[in-house]
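In what follows, a single structure is set out as structure tokens and then discussed.
The values are calculated or read from the model by the stated rules, or taken from the named source; none is laboratory data. A quick note: this is a predicted structure, and the numbers were derived from the prediction, not measured. All Cβ positions, even for glycine, are placed from backbone atoms using ideal geometry, and neighbour counts span all protein chains on display. These area figures cover heavy atoms from the full protein model, side chains too; ligands, DNA and RNA do not enter into them. Shrake-Rupley method; radii C 1.70, N 1.55, O 1.52, S 1.80 Å.
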Amino acid sequence: MSESRPSFLLVDGNNIIHAWPELLEMHQRQKGSAHRELIDRLIAFHDYSGQRVVIVFDGRGATTSEERELSGIQIFYSSASKTADDIIERLAMKYASQYDLTVATNDRAEQDLVVSAGGMVLSAESLRELLERSEDSMRD
């Protein structure tokens with residue numbers, strides 16, 4: 001990663017939830033619990049690394065909405081007429097030239113678009129490993 005540009009981690013929230021068995025199980029038991037768990041882990045990563053973190057989830061509302069956690073991470077919910085992929089692709093095209101942009105997703109088409117825009121990709125498993133390493137470092 002370049003030292004001259006800030007890092008930006010963009011996470012395809014629903015894709016990660018469906019790729020991690022423990023989050024998928026939480027999601028199936030109680031709606032919203034897996035979202036909160038993923039958000040909490042990404043907040044801890046943001047607090048530890050200082051890296052900008054944006055999470056995008058598929059939404060159901062009339063418009064795309066944005067929330068900011070007190071920690072500073074951003075959370076987007078797509079509108080019912082768009083998907084999280086649409087938002088991620090738009091953000092990747094817009095910011096890959098300004099940031100060291102990494103998108104966490106297992107969606108191959110999305111990964112290809114991000115790389116063609118100049119960004120980097122992490123698989124769901126690689127994101128898990130990154131978060132576990134930062135959690136281990138925080139505990140030490």
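Taking every alpha-carbon pair under 8 Å whose residues sit at least 6 apart, the chain reaches a relative contact order of 27 percent. Among the DSSP helices (H) of the chain, none spans at least 27 angstrom by Cα along its long axis with an average Kyte-Doolittle hydropathy of -1.0 or more; this is a geometric and hydropathy rule only.
I need the semi-axes of the equivalent ellipsoid of the stretch 27-93: take the C-alpha gyration tensor, multiply each eigenvalue by 5, square-root it, list largest first in whole angstrom.
20, 17, 10
Heavy-atom accessible surface of the stretch 1-68, averaged per residue, reaches 55 Å², computed with a 1.4 Å probe. Given their separation in residues at 0.36 nm each and the Cα-Cα distance between them, residue 129 and residue 49 gain 27.4 nm when the chain is fully extended. Rolling a 1.4 angstrom probe over the chain with all protein chains present gives an accessible area of which 48% lies on carbon and sulfur atoms. With Cα atoms as the point set, the stretch 47-140 shows a radius of gyration and Dmax of 14.1, 45 Å.
The listed residues 48, 99 rank as 48, 99 when sorted by accessible area, largest first, using a 1.4 Å probe. Close amide H partners of residue 104, meaning residues 5 or more places away or on another chain with modelled amide H under 5 Å apart, are 10, 11, 12, 122. Size descriptors for the stretch 1-115 (Cα atoms only): Rg and Dmax, in that order, 13.8, 44 Å.
For the stretch 1-99, the set of GluC sites (Glu not before Pro) satisfying both a DSSP loop assignment and a count of at most 14 other C-beta atoms within 10 Å is given as 3.
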